[in-house]
Amino acid sequence: MNKYLKYGIMGVIAVALSTLLFTPKGQEAPVSSLRGYEEIIQSCTLRAVTEYNSISYFVEGDTIDGLHYELLQAFAKEKGLVAEITPEMSIEKRMEGLQNGNFDILANNVLVSSDRTDSMLYTHPILLSRQLLIQRKAQDENDSIHISSLLELANKTVHVVEGSPSVYRLQHLSNEIGDTIYIKEIEKYGQEQLLALVANGDIDYAICDEGIAQASINNFPQLDIEKAISFLQFYSWGVYHHNTTLLDSLNAWLNRYKLTPDFHKLMKKYSTNQQMP
């Protein structure tokens with residue numbers, strides 16, 4: 001299968017999974033009340049939302065895989081719960097679902113940031129990663145598109161997933177270099193689809209999490225992913241900011257699980273390029 005078609009199909013699958021499979025035809029998704037940890041235990045069901053990509057959650061044939069999918073299953077199994085996991089491409093929709101009680105956990109690479117502390121609590125860090133600039137490799141020494149320094153992003157347009165923390169980092173970078181970086185937020189695509197758009201020449205620059213970029217680079221040998229726009233940062237899961245008992249339970253489990261061989265196998269399977277905090 002053509003690799004660009006593959007990533008386009010992945011985007012379509014993600015949208016289908018988050019709408020057709022989880023919303024009855026002709027109806028809006030139900031708004032549920034916020035649940036405390038005891039209610040979650042009593043219901044025997046853990047409701048989580050994640051991102052559809054090759055690190056968090058993906059479907060291959062008749063199998064569901066992904067680092068955060070497997071971590072959620074491990075936590076749910078220990079607690080005697082059934083994990084109901086919804087893939088959702090939109091960052092804002094994931095946040096809305098968490099805040100209105102449709103989901104108990106936001107379980108993908110959530111960048112730990114002070115910007116969300118009024119609406120979300122972060123678990124202990126799961127990964128250390130960076131945000132990378134995605135561009136095509138230079139064709140020759142006179143290639144005017146390829147940049148060798150972040151200073152050259154001045155007056156360039158950089159594409160990011162809508163609502164991504166990358167927006168804030170690019171705004172700070174624009175201030176640091178003393179010139180304008182134009183930021184284009186893309187609503188319908190995830191990070192892997194942005195990689196494909198850069199590789200295909202539809203856009204010139206995008207920002208992507210290092211783990212996803214490294215997991216996809218074999219499909220896009222024409223891409224340059226060598227320039228980081230951030231330092232190593234903590235990535236965690238998120239829970240609603242009043243759900244402190246669930247947070248405590250997740251943290252206690254993470255502290256134990258990260259010391260096990262199973263966790264190290266998952267890291268090797270999905271994210272050997274990323275670091276554990």
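The values are calculated or read from the model by the stated rules, or taken from the named source; none is laboratory data. All figures in this text were calculated on a predicted structure; none of them were measured in a lab. Here the Cβ positions follow ideal geometry from the backbone for every residue, glycine too, while neighbour counts run over all protein chains shown. These accessible areas exclude ligands, DNA and RNA; they are computed on the full protein's heavy atoms, side chains included. Shrake-Rupley method; radii C 1.70, N 1.55, O 1.52, S 1.80 Å.
So between residue 185 and residue 139, what do we pick up on full extension, going 0.36 nm a residue minus the alpha carbon distance? The partial results should precede the final answer.
Working: separation 46, 0.36 × 46 = 16.56 nm, distance 2.71 nm.
Extra length from residue 185 to residue 139 when fully extended: 13.9 nm.
Using a 1.4 angstrom probe on the protein heavy atoms only, line up 121, 246 by accessible area, largest first. Intermediate values should be presented prior to the final figure.
On the way: 121 45, 246 0 Å².
Most to least solvent-accessible, the answer reads 121, 246.
Would you work out what percent of the accessible area of segment 29-111, with all protein chains in place, is carbon or sulfur (probe 1.4 Å)?
Values: 1660 of 3360 Å².
Whole-percent figure for carbon plus sulfur exposure: 49.
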Just the accessible area per residue of segment 123-277, please: how many Å² with a 1.4 Å probe?
48 Å²
Label-point separation, residue 34 to residue 96 (7 Å along Cα→Cβ), nm
1.8 nm
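Between residue 151 and residue 269, what length in nm is gained on full extension when 0.36 nm per residue of separation is reduced by their alpha carbon distance? Mind showing how you got there, number by number?
Values: separation 118, 0.36 × 118 = 42.48 nm, distance 3.55 nm.
Additional length available on full extension: 38.9 nm.
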Using a Förster distance of 35 Å, the FRET efficiency for residue 177-residue 200 (Cβ separation, nearest 0.05)
0.80
Rolling a 1.4 angstrom probe over the protein chains, ignoring ligands and nucleic acids, what is the accessible area of residue 148 in square angstrom, nearest 10?
90 Å²
